1. Quick one: in segment 1-60, of everything that is closer than 19 Å to Ile98 by Cβ and of a type in the set (Asp, Glu), which residue is surrounded by the fewest Cβ atoms within 10 Å (Cβ to Cβ)?
2. Out of everything in segment 61-75 that is buried (at least 16 other Cβ atoms within 10 Å of the Cβ) and over 29 Å from Asp110 (Cβ atoms), what residue ends up being modelled with the lowest pLDDT?
3. Among the residues of segment 36-86, write down those that are more than 20 Å from Phe21 (Cβ to Cβ) and of a type in the set (A, V, I, L, M, F, W, C).
4. Return yes when Lys24 is closer than 27 Å to Pro8 by Cβ, basic (Lys, Arg) and not in a strand (DSSP E or B) and no when it is not.
5. I'm trying to understand the selection: among the residues of segment 59-91, which are β-branched (Val, Ile, Thr) and not in a loop (DSSP other than H, G, I, E, B)?
6. Does segment 111-123 include one or more residues that are surrounded by 15 or more Cβ atoms within 10 Å (Cβ to Cβ), small (Gly, Ala, Ser), touching an Asp or Glu at 6+ places or on another chain (Cβ under 9 Å) and part of a loop (DSSP other than H, G, I, E, B)?
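The values are calculated or read from the model by the stated rules, or taken from the named source; none is laboratory data. All of these numbers come straight from a predicted model, not from anything done at the bench. Don't worry about glycine lacking a Cβ; one is built from the backbone with ideal geometry, like all the others, and counts go over all protein chains shown.
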Amino acid sequence: MTHITTHPIKKSDLGFHGNLFGGKLLAWMDAAAAGFASEVCDTPRMVTKSIDKCIFNKPAREGQLLKIYGKVLKIGNTSLTLKLEARSHNVYSGKQKIILTTNMTFVRIDEQGDPISISERVKLKYDLENYEENNSY
């Protein structure tokens, strides 16, 4: 998986129980995934279509880093599906724990907001059989 972004978890990011607020995490993941989708598809015009089931596996705490990783799963005619993983990173031990894993789908749009095709060049670049062989984790 590709490391997309890192966020320090601050007091203002916490919910009532002292853990990272789930809504904050989802916002970070959506923003990171949108940037990654734009990078993959060579266009800034990518919008969120769907976020699959989200199960919060472990809490993240203040002082940890939240690292978001992504991987291309599928490229369709107008859409792109990514696998995303959010991990808490303990700055003292370097250990990471998976907080959340989900799939997100993005659609390429034109100036009016209508779906348009993802270029063949992008599809060839991310030919998933070759892509997975060269970028396995």
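1. Asp52
2. Here the answer is Gln64.
3. Selection gives Phe36, Ala37, Val40, Cys41, Met46, Val47, Val72, Leu73, Ile75, Leu80, Leu82.
4. So Lys24 fits the description; yes.
5. Ile68, Val72, Ile75, Thr81
6. No.
A quick yes/no check of all residues on (1) over 30 Å from Leu124 (Cβ atoms); (2) touching a residue at least 60 places away in the same chain (Cβ under 8 Å):
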position: Asp13; (1), (2): yes, no
position: Ala32; (1), (2): no, no
position: Phe36; (1), (2): no, no
position: Ile51; (1), (2): no, no
position: Lys58; (1), (2): yes, no
position: Ile68; (1), (2): no, yes
position: Thr81; (1), (2): no, no
position: Asn90; (1), (2): yes, no
